[in-house]
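Structure first, commentary second.
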Amino acid sequence: MALVLHYHPFSRAANVVWMLEEVGCDYTLEYVDLMSGEHKKPERRHLNPMGKLPTLVDGDAIVTESAAIALYLADRYAIGRLAPKTDAPERGTYLRWSLYAPSVIEPGCLAKSAKWEFRPSQAGWGTYDEMLDTISTALGKGTWLLGETFSMADVIFGGTIRYMTMFNMLDKRPEYMAYVERLEARPACKNAQEINNRMIQDRGLGR
């Protein structure tokens with residue numbers, strides 16, 4: 001049974017298409033009309049109580065939250081290739097940066113752009129400058145987060161860097177942009193971009 005991704009190209013589901021392309025398994029996109037509020041209907045909330053996208057259905061398994069979907073796909077379909085095995089020493093680094101993106105980079109960028117007032121010691125993401133330096137540290141040890149080995153962590157972490165720099169929500173340090181360039185050169189990333197662009201065109205979303 002093919003995986004089904006409940007999807008809209010203007011949601012985080014667009015990045016999940018990249019994840020699926022990296023894994024290389026069969027999948028189907030089920031378009032959800034965000035503009036009409038279809039994602040808030042009871043049948044959608046049955047799958048994801050938040051009424052949001054993405055939602056991945058894999059047989060009896062239902063997975064929501066982009067990072068969780070990425071980790072699920074890599075462990076189930078690409079363990080040892082896109083995810084270190086559970087007893088591998090690099091597994092800790094892999095999980096660290098996979099979860100750093102949604103728990104630190106996303107709220108840290110939002111806090112900066114929205115000019116939130118908070119005490120850094122009480123916020124899980126700390127200060128914006130500390131976050132920037134930490135990202136630079138993560139990118140300073142090789143081509144990818146795990147050195148010369150590409151992993152699903154790069155899709156999660158790198159996809160976040162790519163999005164945030166695209167919309168000027170994150171400083172464009174040279175090491176960030178070089179990393180984004182390497183990510184965008186991957187065939188799976190290019191395929192995903194083509195799929196998303198085609199959906200935008202077919203649905204008339206760019207008008």
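The values are calculated or read from the model by the stated rules, or taken from the named source; none is laboratory data. In this text, all values refer to a predicted model and were calculated from it rather than measured experimentally. Neighbour counts run over all protein chains shown; Cβ positions are idealised from the backbone, glycine included.
A few points about this structure:
- Flag if Ala178 is at pLDDT 95 or above, small (Gly, Ala, Ser), crowded, with 16+ Cβ neighbours inside 10 Å and in a helix (DSSP H, G or I): no
- The set of residues from the range 65-95 being of a type outside the set (D, E, K, R) and outside any helix (DSSP H, G or I) comprises Ala78, Ile79, Gly80, Leu82, Ala83, Pro84, Thr86, Ala88, Pro89.
- Breaking point among (1) of a type in the set (A, V, I, L, M, F, W, C); (2) assigned to a loop (DSSP other than H, G, I, E, B); (3) modelled with pLDDT of 95 or more, for Trp116: (3)
- For the range 137-147, the tally of residues that are surrounded by 14 or more Cβ atoms within 10 Å (Cβ to Cβ) and of a type outside the set (Phe, Trp, Tyr) stands at 5.
- Some residue of the range 51-64 being basic (Lys, Arg) and not in a loop (DSSP other than H, G, I, E, B): no
Yes/no per residue for (1) at pLDDT below 95; (2) surrounded by fewer than 21 Cβ atoms within 10 Å (Cβ to Cβ):
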site: Lys41; (1), (2): yes, yes
site: Ile62; (1), (2): no, yes
site: Glu65; (1), (2): no, yes
site: Ile69; (1), (2): no, no
site: Tyr72; (1), (2): no, yes
site: Ser98; (1), (2): no, no
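- Of the residues Ser36, Ser98, the single one that is of a type in the set (Gly, Ala, Ser) and assigned to a loop (DSSP other than H, G, I, E, B) is Ser36.
- Annotation for the range 63-76: no member residue is more than 17 Å from Gln193 (Cβ to Cβ), more than 14 Å from the chain's Cα centre (by Cα) and in contact (Cβ under 8 Å) with a residue 24 or more places away in the chain.
- Positions within the range 148-175 being surrounded by fewer than 19 Cβ atoms within 10 Å (Cβ to Cβ), touching a residue at least 12 places away in the same chain (Cβ under 8 Å) and closer than 17 Å to Ala83 by Cα, in sequence order: Thr149
- Hey, Val104 in a helix (DSSP H, G or I), surrounded by 14 or more Cβ atoms within 10 Å (Cβ to Cβ), aliphatic (A, V, I, L, M) and in contact (Cβ under 8 Å) with a residue 40 or more places away in the chain or not: no
- Complete set of residues in the range 3-27 that are more than 16 Å from Ala78 (Cβ to Cβ) and assigned to a loop (DSSP other than H, G, I, E, B): His8, Pro9, Phe10, Ser11, Arg12
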